[in-house]
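The values are calculated or read from the model by the stated rules, or taken from the named source; none is laboratory data. Model, not experiment: these values are computed from the prediction. When we count neighbours, we look across all protein chains shown, and the Cβ atoms used for this are built from the backbone with ideal geometry, even at glycine. Please note that ligands, DNA and RNA were not included when accessible areas were found on the heavy atoms of the full protein model with its side chains. Shrake-Rupley method; radii C 1.70, N 1.55, O 1.52, S 1.80 Å.
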Amino acid sequence: LTVFESLSDPVIIMNQQKEIIILNHAAMELVDAKSIPGGVYYRHESNRFFSDKSNPSSCSSAVIGCAVADLFPWLGKALEQLIENHAREHMVECNLYIDKEKRYFEVKSAGMLDISEKYTSTIRSLRDITKRKKIQTALHDSEKRFRKLFEASIEGISLHELIYDSNREPVDYRI
């Protein structure tokens with residue numbers, strides 16, 4: 001349980017009815033940034049996802065049994081793609097806004113490995129790939145700018161590579 005809660009990537013385990021069996025702290029933080037690690041298991045805690053703060057069943061432990069699509073509506077399209085693909089393991093990308101910031105996630109789905117077939121749950125893990133997407137976008141924009149500069153230039157353009165000696169002094173160049 002401690003290892004599961006300590007995972008930095010959000011993980012959701014759901015049954016065949018697409019209801020949450022369990023989720024880790026990182027997944028709960030997507031719903032409620034104020035959630036407490038282990039709060040789903042050990043204590044009733046208020047959180048902003050549930051509107052009725054006076055009802056003790058309206059706490060993070062109430063997510064158990066909720067439909068994944070109700071708790072994570074932004075995962076709907078990704079879940080449908082995963083469900084349509086009957087492979088044991090599948091991955092899709094999706095995005096959402098958290099605190100007015102667009103975030104990108106890689107959503108992986110895998111059937112629970114249980115030789116007895118007693119557990120037929122599905123594990124959904126999410127990896128935040130926002131930094132990677134921003135780097136890819138910046139690289140694409142940079143390539144586009146340089147390509148535009150190169151194609152629009154009426155002057156000749158060449159690329160030279162400086163060759164350095166062991167003292168880091170330039171000694172030659174290569175075209």
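Once you list every other residue whose beta carbon is under 10 Å from the beta carbon of PRO10, what net charge do they have if Lys and Arg are +1 and Asp and Glu are -1? Don't jump to the answer; show the numbers that get you there.
On the way: positive: ARG124, ARG127; negative: ASP9, GLU29, ASP128.
Cβ neighbours under 10 Å give a net charge of -1.
List the GluC sites (Glu not before Pro) in region 103-145 that DSSP assigns to loop (not H, G, I, E or B) and whose Cβ has at most 11 other Cβ atoms within 10 Å. Which are they?
Values: sites: GLU106, GLU117, GLU143; in loops: GLU117.
Sparse-neighbourhood loop GluC sites (Glu not before Pro): GLU117.
When ligands, DNA and RNA are left out and all protein chains stay put, how many square angstrom of accessible area per residue does region 123-175 have with a 1.4 Å probe?
Values: 4970 Å² over 53 residues.
Roughly 94 Å² per residue, with all protein chains present.
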query: Nearest 0.05, what FRET efficiency do ARG168 and GLU101 give at R0 = 35 Å with Cβ-Cβ as r?
result: 0.25
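Tell me the net charge near ALA138. Cut-off is 12 Å between Cβ atoms, ALA138 excluded, with +1 for each Lys or Arg and -1 for each Asp or Glu. List each step's numbers first, then the result.
On the way: positive: LYS131, ARG132, LYS133, LYS134, LYS144, ARG145; negative: ASP141, GLU143.
My count for the surroundings of ALA138 gives +4.
What is region 129-175 by shape, rounded, prolate or oblate, if you read a ≥ b ≥ c off the alpha carbon gyration tensor as root eigenvalues and call it rounded for a/c under 1.5, prolate for a/b larger than b/c, and oblate otherwise?
Numbers: a/c = 5.89, a/b = 1.40, b/c = 4.21.
Oblate shape, in that a/c is at least 1.5 and b/c is the bigger or equal ratio.
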Simple label model, 7 Å out from Cα along Cβ direction - ILE175 to SER158, nm: 0.3
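At a 1.4 Å probe, what is the % contribution of carbon and sulfur to the accessible area of region 124-175? Can you show the working numbers first?
Details: 2720 of 4920 Å².
It is 55 percent, rounded to a whole number.
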field: Cα-projected label distance for LYS148 with GLN17, points at 7 Å along beta-carbon direction, nm
entry: 5.5
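Can you pull out the trypsin sites (Lys or Arg not before Pro) in region 107-175 that DSSP calls coil and that have at most 14 other Cβ atoms within 10 Å? Don't skip to the end; give the middle numbers.
On the way: sites: LYS108, LYS118, ARG124, ARG127, LYS131, ARG132, LYS133, LYS134, LYS144, ARG145, ARG147, LYS148, ARG168, ARG174; in loops: LYS118, ARG168.
Filter output for region 107-175: LYS118, ARG168.
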- line: Taking 0.36 nm per residue of separation between LEU139 and MET91 and subtracting their Cα-Cα distance, the length gained on full extension comes to 14.9 nm
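When only the heavy atoms of the protein chains count and the probe is 1.4 Å, how do THR130, THR122, THR137 rank by accessible area, highest first?
Ranking THR130, THR122, THR137 by accessible area, largest first, yields THR137, THR122, THR130.
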